[in-house]
1. Express the C-alpha Rg of the stretch 131-170 as a ratio against the empirical globular expectation 2.2 N^0.38 Å, rounded to two decimals.
2. Any idea how far the Cα center of the stretch 78-108 sits from the one of the stretch 222-237, in Å?
3. So for the pair K117, Y291, with labels modelled 7 Å out along Cα→Cβ, what separation do we get in nm?
4. Report, to one decimal in Å, the Kirkwood hydrodynamic radius for the stretch 53-148 based on all distinct Cα pairs.
5. Suppose the chain between D335 and A351 were pulled fully straight at 0.36 nm per residue; how much longer would it get relative to their current alpha carbon spacing?
6. Show the residues, 5+ positions off or on another chain, whose built amide H is closer than 5 Å to the amide H of G67.
7. Which of the lysines could be linked to K331 by a straight reach, that is with a Cα gap under 23 Å, when you skip same-chain ones fewer than 8 residues away?
8. Counting Lys and Arg as +1 and Asp and Glu as -1, what is the net charge of the other residues whose Cβ lies under 13 Å from the Cβ of T59?
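What follows is calculated from the coordinates using simple rules that are stated; it is not laboratory data. Please read all numbers here as calculations on a predicted model, not as lab measurements. Here the Cβ positions follow ideal geometry from the backbone for every residue, glycine too, while neighbour counts run over all protein chains shown.
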Amino acid sequence: MKLRTRLTWALVAWAAVMALMMPLQYLVTAQDATFPTLTPPPSPTGNGGTATWTVDSQTFISNYPMGMEFTLKASSSAGEIKNATAIWKLSPVSLQRAAGVFNKETGQWEFLWDSLKSPMPAWVGLQYWFVLEDEKGNDFTTNSWQAEYADNTRSWGRAESEDIIVYWEHPIDDEFGKLTLDAMAEQRETYRIAWGSLLSYKPRAIYYATRDSYFEWDRTRNSIGRRDVGQTSSSWGGTVQYNYNGNLREGAYGTVLHEVAHLYQSDKRSTTGIQWWTEGQATFFEREQMYDYVGNLKAIAKQQGLGPLRSDWGVYFGGRTPYDTGYAFIKYLTDTYGLDILDKITQNMRAGKPLLDAIPAAVGKSLDEIEYDYRVWLGLDDPTVPTQMPTLGFSFPPTPTFPPTKTPKP
């Protein structure tokens, strides 16, 4: 995550006021649908029971950033509808719901969702449907519809390809859309080989133009004193960022690719609490770097020593250390064993092996042998793996507010 985004994994992006934007439209192929399943399964008791159900109308309204609302007008041949629930899916792994209230004047059910309950940024895509129960106990699940948590208060740009959907708040230049699509296309096969397959869904990236608009969507938190510039979440399948430095290419070829890698980690069930791997792996998928990560790690190691990988951090030195440590080690693995070694490690993790067991199982050597070889690859004067961490007088723990970084193509 881009310290970029180490905050939480909780939200993502989609569409824009079509009248306000000239989207870059590309043919969708490999990941054709917003969600893998467009129609929810019938209710456990049999869809509709013994009744005949009629859906007369339904609506969705985005009240961004305050929330959204649904309405439904439906009937059952067996009697009055007693309960109604709106259910929506933000990604393949996220379900939310709201109980309905019947409006006697309009004859329809109304469902409200307040963004204070679980904030999400503008342009998150959702698939929604309704579950109904009549007075005779018949249950009915409607078909599903697609919508977006649209920001109708500002002008946005939109671009879509087979790899990603991108939104950016104007005055961010429309060039950002093309840069992001190009970056994702260039990295597609690297993702595919390293993870064994592409994401099970099409991710979204949303870029806000100003600090104020970025903080506006999260009504649960006071923006005073906050320094984060982005968040990424598998629960809504994407990343939301604030274009704080105006560098569009850095955002496309660095930040977006980095954050999408975090989505892969969740999607392929290879998450781990070892930060140097989590952040280093995401850094590895960036295609451009801000500085020489391997060179920086070598300088740190020469200055204060390099601790063992089992220590998590490897070395203590500033907020970027886990990123540099993890990137360098993964670069060594892929240079030595090929890009698909990452997929083999992921498969082992998915089978239940902890990371530090999954790596040796994939490589076919003990962790100590691997780490010794890694230190030789780094060019350390003494590649012997220490049994204890170097003793330091001070340390700087990683911070999620450090500026984003770039990494060379693998």
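1. 2.04
2. 29
3. 4.5
4. Details: mean 1/r = 0.0723 Å⁻¹.
Answer for the stretch 53-148: a Kirkwood hydrodynamic radius of 13.8 Å.
5. 3.3 nm
6. The answer is S115.
7. Within the straight-line limit of under 23 Å, K331 reaches these lysines: K2, K268, K298, K302, K344, K353, K365, K406, K409.
8. Around T59, the charge tally is -2.
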